[in-house]
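Everything below concerns the one structure shown next.
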Amino acid sequence: MRIAIIPGDGIGKEVTAEAVKVLHSVGQKFGRAFDVEHLPWSADHYLQTNETLPANGYDLLREFDAVFIGALGDPRVPDNRHARDILLGTRFELDLYVNYRPVKLLDERLCPLKGRAPKDVNFVVFRENTEGVYVNVGGRFKPNTPDEVAIQEEINTYKGVHRIVRHAFEYAKASGLTKVCMADKSNAMTQGHALWQRVFKELTPQYPGITATHYYIDALAMYMVLDPGQFEVIVTNNLFGDIVTDLAATFQGGLGMAASGNIHPGKTSMFEPVHGSAPRFAGKNIANPIGAIGSMALLLETLGAKQEAAAIDAAVLKAVSENQITSDVGGTLGTREAGDFIANAVRG
Ligand SMILES: NC(=O)c1ccc[n+]([C@@H]2O[C@H](COP(=O)([O-])OP(=O)(O)OC[C@H]3O[C@@H](n4cnc5c(N)ncnc54)[C@H](O)[C@@H]3O)[C@@H](O)[C@H]2O)c1
């Protein structure tokens, strides 16, 4: 397996080091070598070279089996242009239309919801990752005047909506799950989200073993808090998915715990913790590496290394159960020490 590693900025570098440590540890355990190549693309690289990524950057990434990114964002680059090119650019150029966000509570004490245990918080969110309001279509008329008009378009295509909704149903079927919930705002966004309604109704009869439900996104946010146990698979658009997955991360213990995949099934995909570069935490050895380590497990799982992924998940569970974790989730370890514990636990 050839894996491109982009540690990026801030705590991205620190959590990536731990994820790579755990990757090598799982490699040792299963007698498997991973060919890991570090790419320097980051704010530092941009400030030194004026290049966000090389002209052939996306082609270069396509040569790998998978890409891992730590986090991107740096106050020295106020418009975060490097982050946009590297992160959003990779999602769009590699057509990574599935944003995969498992939401799994590992221990009751990490959940801010009263009385909720791991059995109540165990679902996945599929966020459409290549369309919606993130396509940057629009413009400003009479900018910086009292008459300013700002237009930001939301793009929904039949192909784009169909492939993400189908992916959610297929995932449920393959995983033995029986509930898929689609969330939109079709009562207010009567054009674009009518398309989501059409596609969901078109696909539902093709999955007779699956109960398909629909919530408006505001109701979904409410029910996620009131009764998260009712969800198995949620599918929604780019913006709503962005918001509800951060909400869902709090159920798991916060942004430091949340892992994600940006996937085009069968093609080079990219994996990253959900959190950003947290500049205030950078260089202090306090960032939680679990979101990054979990993202490495998702990478392995997606490439078919199921045993290796399961060994990492089990080691993370052990770390949480034994409170061998960082301070954001109630432990006392530093980033490196938490990574060491998990790497050792993987070896068994
Ligand atoms: N995917 C990405 O690379 C990504 C995602 C979000 C934000 N960003 C960028 O990161 C920079 C900082 O953004 P932000 O402050 O809004 O979000 P952030 O996720 O970096 O940090 C928000 C807060 O969450 C907590 N946190 C996040 N990760 C943590 C971890 N691993 N361990 C412990 N606590 C953690 C901290 O309290 C932190 O102050 C910005 O430049 C932003 O654009 C990048």
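The values are calculated or read from the model by the stated rules, or taken from the named source; none is laboratory data. None of the values given here were measured: they were computed from a predicted structure. For neighbour counting, all protein chains shown are included, and Cβ atoms are generated from backbone atoms with ideal geometry for every residue, glycine included. Just so you know, the surface numbers come from the protein's heavy atoms only, side chains and all, with ligands and any DNA or RNA stripped out. Shrake-Rupley method; radii C 1.70, N 1.55, O 1.52, S 1.80 Å.
In debye to the nearest 20, how big a dipole does the stretch 132-228 give about its Cα centre with +1 on each Lys and Arg Cβ and -1 on each Asp and Glu Cβ?
Details: 10 positive and 9 negative charges, 76 e Å.
Computed charge dipole of the stretch 132-228: roughly 360 debye.
Could you tell me the calculated FRET efficiency between residue 28 and residue 267, based on Cβ-Cβ distance and R0 = 25 angstrom, to the nearest 0.05? Could you put the intermediate results ahead of the total?
Numbers: r = 29 Å, r/R0 = 1.14.
Between residue 28 and residue 267 the formula returns 0.30.
Within the set 119/173; 104/179; 119/179, which residue pairs have Cα atoms separated by over 18 Å?
Those over the limit are 119/173.
May I ask for the distance between the Cα centers of the stretch 20-82 and the stretch 132-146, given as a whole number of Å?
If you average the Cα positions of each part, the centres end up 31 Å apart.
For the stretch 74-79, what does the Karplus curve 6.51 cos²θ - 1.76 cosθ + 1.60, with θ = phi - 60°, yield as ³J(HN,Hα) per residue in whole Hz, taken in order and with x for Gly and Pro?
Going residue by residue, I get 8, x, 6, 10, x, 8 Hz, with x marking Gly and Pro.
Which whole-Hz ³J(HN,Hα) couplings does the stretch 147-153 yield from phi under the Karplus relation 6.51 cos²θ - 1.76 cosθ + 1.60, θ = phi - 60°, glycine and proline marked x?
9, 4, 10, 10, 10, 10, 8
Which of the peptides 15-27, 289-301, 316-328 is most tightly packed, and how do the rest follow, judged by the mean count of other Cβ atoms within 10 Å per residue? Mind dumping the intermediate values first?
Details: 15-27: 23.2, 289-301: 27.2, 316-328: 18.4.
The densest-packed peptide leads the list: 289-301, 15-27, 316-328.
Any chance you could look up the accessible area of residue 170 with a 1.4 Å probe, heavy atoms only, rounded to 10 Å²?
Spelled out: residue 170, probe radius 1.4 Å, area about 80 Å².
Name the residue, out of 276, 192, 138, whose mean-square fluctuation peaks in a Gaussian network model built on the chain with Cα pairs under 10 Å.
Among 276, 192, 138, the largest GNM mean-square fluctuation belongs to 138.
Give me the percent relative contact order of the chain, please, defined on Cα pairs under 8 angstrom at least 6 residues apart. Show your work: numbers first, answer last.
Working: 730 pairs, mean separation 83.7, N = 348.
Normalised by residue count, the contact order of the chain is 24 percent.
Whenever you get a sec, line up 247, 110 from highest to lowest accessible area (probe 1.4 Å, protein heavy atoms). Don't skip to the answer; put the middle values down first.
Details: 247 55, 110 20 Å².
Largest to smallest exposure gives the sequence 247, 110.
Would you pull out the residues with amide H under 5 Å of residue 38's amide H, same chain only if 5 or more places away, H placed 1.01 Å from N?
Amide H neighbours of residue 38: 5.
So if we plug the beta-carbon distance of residue 239 and residue 285 into 1/(1 + (r/R0)^6) with R0 = 30 Å, what FRET efficiency do we get, rounded to 0.05?
On the way: r = 34 Å, r/R0 = 1.14.
In this case the efficiency is close to 0.30.
In terms of the Cα gyration tensor, with a ≥ b ≥ c the square roots of its eigenvalues, is the stretch 1-56 rounded because a/c is under 1.5, prolate because a/b exceeds b/c, or oblate? Numbers along the way, then the final one.
Working: a/c = 5.31, a/b = 1.96, b/c = 2.70.
Oblate shape, in that a/c is at least 1.5 and b/c is the bigger or equal ratio.
When a/c is below 1.5 the answer is rounded, else prolate if a/b is larger than b/c, else oblate, so apply that to the stretch 62-114 with a ≥ b ≥ c taken from the square roots of the Cα gyration tensor eigenvalues.
Details: a/c = 2.87, a/b = 1.54, b/c = 1.87.
Oblate is the answer for the stretch 62-114, as a/c is 1.5 or above yet b/c matches or exceeds a/b.
Could you give each residue of the stretch 19-30 its phi-based ³J(HN,Hα) in whole Hz, using Karplus coefficients 6.51, -1.76, 1.60 with θ = phi - 60°, and x for Gly or Pro?
5, 5, 4, 5, 4, 5, 5, 5, x, 4, 4, 9
What FRET efficiency do you get for residue 148 and residue 48 if R0 is 30 Å and r is their Cβ-Cβ distance, rounded to the nearest 0.05? Intermediate results must be reported in sequence, preceding the final value.
Details: r = 36 Å, r/R0 = 1.21.
In this case the efficiency is close to 0.25.
Please work out how much length the chain gains when fully extended from residue 179 to residue 56, using 0.36 nm per residue of separation minus the C-alpha to C-alpha distance, in nm with one decimal.
Details: separation 123, 0.36 × 123 = 44.28 nm, distance 4.18 nm.
Gain in length upon complete extension: 40.1 nm.
Express in nm, to one decimal, how much length is gained between residue 37 and residue 225 on full extension, taking 0.36 nm for each residue of separation and deducting their alpha carbon distance. Don't jump to the answer; show the numbers that get you there.
Working: separation 188, 0.36 × 188 = 67.68 nm, distance 4.05 nm.
Between residue 37 and residue 225, full extension yields an extra 63.6 nm.
Solvent-accessible area per residue for the chain at a 1.4 Å probe radius, Å²?
That works out to 43 Å² per residue.
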